[in-house]
Amino acid sequence: MYLLNDNIVALSTPAGQSALAVIRVSGEAVILEIDKLFSKDIVNAKGYSMHYGFISTVKNEALDEVIISVFRNPNSFTGENMVEISCHGSPVGVNLIIQELISLPNFRLAEPGEFSLRAFQNKKMDLVKAESIADLIHSESESAHKVAIHQLKEGFSSKLKNLRQELVDFAALLE
């Protein structure tokens, strides 16, 4: 169930062993709460900034060496405060970080598509763009990838916007 006042957490890269993994976190309190786990101060960090350090448990036990990217509302993907944690891609390490995050008050695992849902609800994108992101993620051919990129970049949304404006203008003329 989607609760919009919760802070949500999700692994944004494929699960499994890799050099890097990215954990995405969104919600109004994420910067303040993750600051408590990070070795450097990010409370006053500018949006679109990156910070190197260590992420630890609330008991100050180091979990991993990470880079934290800070995105402030309303200029983030979801329109909320966001943090992306780039960590080593060990499944054990990734799981430890995620478990630590969801142990924090009002943090939980995100439902599939919930980051895009929040972006849609916060008017950061329209439904067509949200669907084109899903199409892009799930594209299995180069042509499907190109179509999804076109829709995401300019495609159908701008055509619908123009058509809507023409209909509004036409309705005004009729009245």
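The values are calculated or read from the model by the stated rules, or taken from the named source; none is laboratory data. A quick note: this is a predicted structure, and the numbers were derived from the prediction, not measured. Virtual Cβ from ideal backbone geometry, glycine too; neighbours counted across all protein chains shown. Areas reflect the complete protein model, heavy atoms only, side chains present, ligands, DNA and RNA absent. Shrake-Rupley method; radii C 1.70, N 1.55, O 1.52, S 1.80 Å.
Overview of results
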item	result
Test result for GLU33, acidic (Asp, Glu) and more than 16 Å from ILE98 (Cα to Cα)	no
Residue match in segment 125-142 (condition: surrounded by fewer than 18 Cβ atoms within 10 Å (Cβ to Cβ) and in contact (Cβ under 8 Å) with a residue 40 or more places away in the chain)	no
Filter result (of a type in the set (Val, Ile, Thr) and over 14 Å from MET82 (Cβ atoms)) within segment 13-39	THR13
Extreme residue, nearest to ILE137 (Cα to Cα), among residues of segment 33-55 that are surrounded by fewer than 17 Cβ atoms within 10 Å (Cβ to Cβ) and touching a helix residue (DSSP H, G or I) at 6+ places or on another chain (Cβ under 8 Å)	VAL43
In segment 103-117, residue least open to solvent (accessible area, probe 1.4 Å) [restricted to those that are closer than 24 Å to ASN60 by Cα and within 16 Å of the chain's Cα centre (by Cα)]	PHE107
Pairs where the first residue, in segment 58-74, is crowded, with 19+ Cβ neighbours inside 10 Å and the second is among the basic types (Lys, Arg), C-beta under 9 Å, 6+ apart	ILE68/LYS40; VAL70/LYS46
Verdict on VAL30 being open to solvent by less than 40 Å² (accessible area, probe 1.4 Å), more than 15 Å from VAL9 (Cβ to Cβ) and under 14 Å from the mean Cα position of the chain (by Cα)	no
Any hit, segment 37-53, residues being within 30 Å of GLU131 (Cβ to Cβ) and under 12 Å from the mean Cα position of the chain (by Cα)	no
